[in-house]
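K.L.:
Below you will find the structure I want to go over with you.
The values are calculated or read from the model by the stated rules, or taken from the named source; none is laboratory data. All values reported here derive from a predicted model rather than from experimental measurement. Cβ coordinates were reconstructed from backbone atoms using ideal geometry, including for glycine residues, and neighbour counts include every protein chain displayed. SASA here: full protein model, heavy atoms, side chains in, ligands and nucleic acids out. Shrake-Rupley method; radii C 1.70, N 1.55, O 1.52, S 1.80 Å.
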Amino acid sequence: MENLVFALDIGTRSVIGIVGRMDGDMLEILKVESLEHSERAVVDGQIEDIEQTARVASIVKSRLEEALGVSLHEVHVAAAGRVLKTERVFCEMEVDDRQPFGTKELMALEAAAVQKAYEQLVAGLEDGNSADYCSVGHTVVSYQLDGYSYSTLIGHRGKRAGVELITTFLPNEVVESLYTTMSMLGLSIASMTLEPIAAMNAVVPRELRLLNVALVDVGAGTSDIAIADKGSICGYTMATVAGDEVTEQIMQDFLVDFETAERMKFAASAQEPSMEYEDVLGFPYEVETKEILEKIQPTVQDLARQIAQGIVGINGEAPKAVFMVGGGSRTPGLCGLVAQELAIDEKRVAIGGSNYMKRQVKAEAQYLSAEYATPVGIAVTAMGAGAGGGLTISLNGNRLQLLGSSMTVLEALRRGGYQYSQIMGRSGKSIVFEYNGERRIVRGGLHTLSEIQVNGVLAGLSTLLQPGDEIVFTPAVDGEDASVLLQDVMPGWYPFEVELFGNPVPAGTLGWINGQQAGGGQQIRQMDRVETQRVETVGALLELAGFPGKEHDVDVNGIPCTGPQQPLRAGDRITLREDASTNASTNKETQQAPPAQIQTAEAGGLHIHFNGWDYTLPPLEGGGAYQFYNLINHVDIDPRNPKGEIVLMRNGAPASYLDTIQNGDRIEIRWSEENLMERVPHQPKGTAGGVF
């Protein structure tokens, strides 16, 4: 036989195989085989035990081959919609209002929204297995331009464009498990679709998709939901309950095993008046089906509620009609309760099946039913009788099976595992900081654009793909993040050291980052406060050290200073001249002990232990951090009357004039020949009550 189609539906409870062929515009089903799993190899539609699943599928395949006298090599499958992750996001971006919005900009906007949805998905994952999800499609809810809603942005101009969309993701391992299982059977996957798409293709013809309709596939573990509107399938989701919940409720209420509970559920569905059964203890009973219905009513109500919530959650409102398929769709009262929860007419929620399936499928009546909607739909999809068929391409030499019959390069790249940043690229991050009171920005590097070739020809993200196309993709390279050193912001950075009154002090070019003295090789970070100063003359050094205007009282390397503009060089020694006269007051003020408690200074004050007493320093005028030279004028140190060398100590260690003072520091400023422990403690000049 030629032109055969082999479809496998791997479900939670069983594996169903269908072989058919085209007869004109109809799909003729030649043979159907099914076999239940002996173990829980498939859980909630996802293959967990690959070997066990392969054994069951192999038996189904062998029976079909034996019955038809053929050898099957290719198979059409569907990934379970129940493992889809759906995210709803709104994304905005700035656009050039001088140019009309085009297809390229629209693709970039939607791609950014998909990436945002991916990041939202990753943030909500508990296991952190973010790399295993890829986008399998998105639906635009609405567009916005400068705050106004639009049906399309093409051709419009504005400054800020936005899109709200629903994006659906599928774990890669779901697809990989299907490939591995089929490989163990000696089969290659010819096409792949999603289970809700397959069921939709079997039950809901294309002309009905112009209406806003929903399809619900009520399986054993979960209920898949697909939404169609304006001619296409536009959204998917799932409810976390299904037929097994009803069966398990019967098990609890009547103390029976799973198989017996299933028979009781089917009897109630068939409206049989009563049925006989044995409980797990072996006692025989007869129960009226109305009693079964009463017992399962709360569970069915909850199932209907969750299905309705899933539909409204993805669709935004109740649809015009709902088609129910799958074995659980015949649960007694379910259709009416779903209609009730959606607040629509009961006649608009119905079991899908032969009414529309027989228009495109030739088969025995039992196969034109809700129970076979998914396996028949896989075969229908494979034959191209419905929308949503698979598309096979090559991406960088790797075969890629895509879901959907129409696909752009952007969608193929996303489904191939490439992130938005790899596709579009980004410039390096800029650094914003304050430099000597002014805002500065150092820009990051520009990114290298990605390159796309389809069949050897340069292509764009919006290029539509055809089956068999070969994509060669070179990812974008992000620009380098900005990096700036302190020495980079001040031309001619040249620090050196001189000796002032016996103490080594820095000179030349000096810098501070966030009030802390820093070297030229220190990195400037985001929002740092940076200050620099040139100390290249004797006058600048003396002023910084707290001795302004004293140039004529000092020697530089033993030679009298020529004036404030005398340049400094590395290693210079600045000392007081021996013949320097003084007119300064010794400033021997009446001393007083500090108060028992430190008074509170202004907000931002600095508490220190200074020359034996506790004090609070108010914030400096203009901000910034205290340094040793800020305190020189508050102690009785007169360079015209030296008593040795000036000693600067911070927390017991030598310090310099430019060292920063921290909260709680122990500070000493004194002459070297003065014994701090023996002398009467000096309260700093200009203080009152322990507050400068």
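K.L.:
Scanning segment 471-489 for residues that are open to solvent by 30 Å² or more (accessible area, probe 1.4 Å) and in a loop (DSSP other than H, G, I, E, B), which turns out farthest from Gly102 (Cα to Cα)?
P.N.:
In this case the residue turns out to be Ser483.
K.L.:
Further question on the same structure: Scan segment 179-194 residue by residue and report those that are at pLDDT 80 or above and either part of a loop (DSSP other than H, G, I, E, B) or open to solvent by less than 30 Å² (accessible area, probe 1.4 Å) (or both).
P.N.:
Within segment 179-194, Thr181, Met182, Leu185, Gly186, Leu187 meet the criteria.
Each row is one residue, and each column tells you yes or no for (1) crowded, with 17+ Cβ neighbours inside 10 Å; (2) in contact with a strand residue (DSSP E or B) (Cβ under 6 Å, 6 or more places away or on another chain); (3) under 28 Å from Gly235 (Cα atoms); (4) hydroxyl-bearing (Ser, Thr, Tyr).
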site	(1), (2), (3), (4)
Glu36	no, yes, no, no
Val60	yes, yes, no, no
Arg63	no, yes, no, no
Ser71	no, no, no, yes
Thr86	yes, yes, yes, yes
Gln99	no, no, no, no
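K.L.:
Right, another one. Would you mind telling me which numbered condition in (1) touching a Phe, Trp or Tyr at 6+ places or on another chain (Cβ under 8 Å); (2) aliphatic (A, V, I, L, M); (3) more than 30 Å from Lys265 (Cα to Cα); (4) assigned to a strand (DSSP E or B) Ile227 fails?
P.N.:
Answer for Ile227: the failing condition is (3).
K.L.:
A further question follows. Name the residue that is nearest to Thr575 (Cα to Cα), counting only residues in segment 529-541 that are open to solvent by less than 60 Å² (accessible area, probe 1.4 Å) and part of a strand (DSSP E or B).
P.N.:
Thr537
K.L.:
Only residues that are open to solvent by 30 Å² or more (accessible area, probe 1.4 Å) and part of a loop (DSSP other than H, G, I, E, B): list them for segment 551-573, please.
P.N.:
Result: Asn557, Gly558, Thr562, Pro564, Gln565, Gln566, Arg569, Ala570, Gly571.
K.L.:
Can you tell me which residue within segment 122-152, out of those that are modelled with pLDDT of 85 or more and either touching a Lys or Arg at 6+ places or on another chain (Cβ under 7 Å) or part of a loop (DSSP other than H, G, I, E, B) (or both), is farthest from Glu317 (Cα to Cα)?
P.N.:
Out of the qualifying residues, it is Asp146.
K.L.:
Filter segment 206-220 down to residues that are charged (D, E, K, R) and more than 16 Å from Gly11 (Cβ to Cβ) and give me whichever is surrounded by the most Cβ atoms within 10 Å (Cβ to Cβ).
P.N.:
Arg209
K.L.:
Considering every residue within segment 186-196, establish whether at least one is under 24 Å from Ala318 (Cα atoms) and over 26 Å from the mean Cα position of the chain (by Cα).
P.N.:
Scanning segment 186-196, I find at least one residue that is under 24 Å from Ala318 (Cα atoms) and over 26 Å from the mean Cα position of the chain (by Cα), so the answer is yes.
K.L.:
Would you confirm whether or not segment 240-257 contains a residue that is over 25 Å from Ala80 (Cα atoms), without any contact (Cβ under 8 Å) to a residue 12 or more places away in the chain and part of a strand (DSSP E or B)?
P.N.:
No, the conditions are met nowhere in segment 240-257.
K.L.:
Would you point out the residue of segment 23-80, among those that are touching a Leu at 6+ places or on another chain (Cβ under 7 Å) and not aliphatic (A, V, I, L, M), that is nearest to Met184 (Cα to Cα)?
P.N.:
It comes out as Ser58.
K.L.:
Sticking with this structure for a sec: Does Val203 qualify as being open to solvent by less than 10 Å² (accessible area, probe 1.4 Å), in contact with a Ser or Thr (Cβ under 9 Å, 6 or more places away or on another chain) and within 28 Å of Ala261 (Cβ to Cβ)?
P.N.:
Taking the combined requirement at face value, the residue does not satisfy it.
K.L.:
Just the residues that are in contact with a helix residue (DSSP H, G or I) (Cβ under 7 Å, 6 or more places away or on another chain) and either closer than 17 Å to Glu438 by Cβ or free of Cβ contacts under 8 Å to residues at least 24 places away in the same chain (or both), please, taken from segment 507-521.
P.N.:
Across segment 507-521, the qualifying residues are Gly511, Ile513.
K.L.:
Return the residues of segment 227-262 that are in contact with an Asp or Glu (Cβ under 8 Å, 6 or more places away or on another chain) and open to solvent by less than 10 Å² (accessible area, probe 1.4 Å); say none if nothing qualifies.
P.N.:
Listed by number, the residues that qualify are Thr247, Val256, Ala261.
K.L.:
Keeping to segment 638-660, report how many residues are within 21 Å of Ala540 (Cβ to Cβ) and at pLDDT 70 or above.
P.N.:
Residues in segment 638-660 being within 21 Å of Ala540 (Cβ to Cβ) and at pLDDT 70 or above: 8 in total.
K.L.:
Out of all the residues in segment 418-447, which are under 27 Å from the mean Cα position of the chain (by Cα), free of Cβ contacts under 8 Å to residues at least 60 places away in the same chain and in a loop (DSSP other than H, G, I, E, B)?
P.N.:
Across segment 418-447, the qualifying residues are Tyr418, Gly425, Arg426, Ser427, Gly428, Lys429, Ser430, Arg443, Gly444, Gly445, Leu446, His447.
K.L.:
Out of Gly546, Gly468, Gly492, I need the residue that is surrounded by 15 or more Cβ atoms within 10 Å (Cβ to Cβ) and in a loop (DSSP other than H, G, I, E, B). Which one?
P.N.:
The conditions single out Gly546.
K.L.:
In segment 500-528, which residues are closer than 15 Å to Val484 by Cα, aliphatic (A, V, I, L, M) and buried (at least 20 other Cβ atoms within 10 Å of the Cβ)?
P.N.:
Ala518, Ile524
K.L.:
Restricting attention to segment 419-459, which residues are surrounded by 13 or more Cβ atoms within 10 Å (Cβ to Cβ), under 16 Å from Leu395 (Cβ atoms) and out of contact with any strand residue (DSSP E or B) (no Cβ under 7 Å at 6 or more places or on another chain)?
P.N.:
Within segment 419-459, Gln419, Gln422, Ile423 qualify.
K.L.:
Do we find that Arg529 is modelled with pLDDT of 80 or more, over 21 Å from Ala655 (Cα atoms) and within 55 Å of the chain's Cα centre (by Cα) in this structure?
P.N.:
It is true that Arg529 is modelled with pLDDT of 80 or more, over 21 Å from Ala655 (Cα atoms) and within 55 Å of the chain's Cα centre (by Cα).
K.L.:
I would also like to ask the following. Determine whether Glu28 is within 17 Å of Ser369 (Cα to Cα), surrounded by 17 or more Cβ atoms within 10 Å (Cβ to Cβ), in contact with a Lys or Arg (Cβ under 9 Å, 6 or more places away or on another chain) and acidic (Asp, Glu).
P.N.:
Here the answer is no, as Glu28 does not meet what is asked.
K.L.:
Quick one: how many residues across segment 448-465 are within 32 Å of the chain's Cα centre (by Cα) and assigned to a strand (DSSP E or B)?
P.N.:
Of the residues in that region, 7 qualify.
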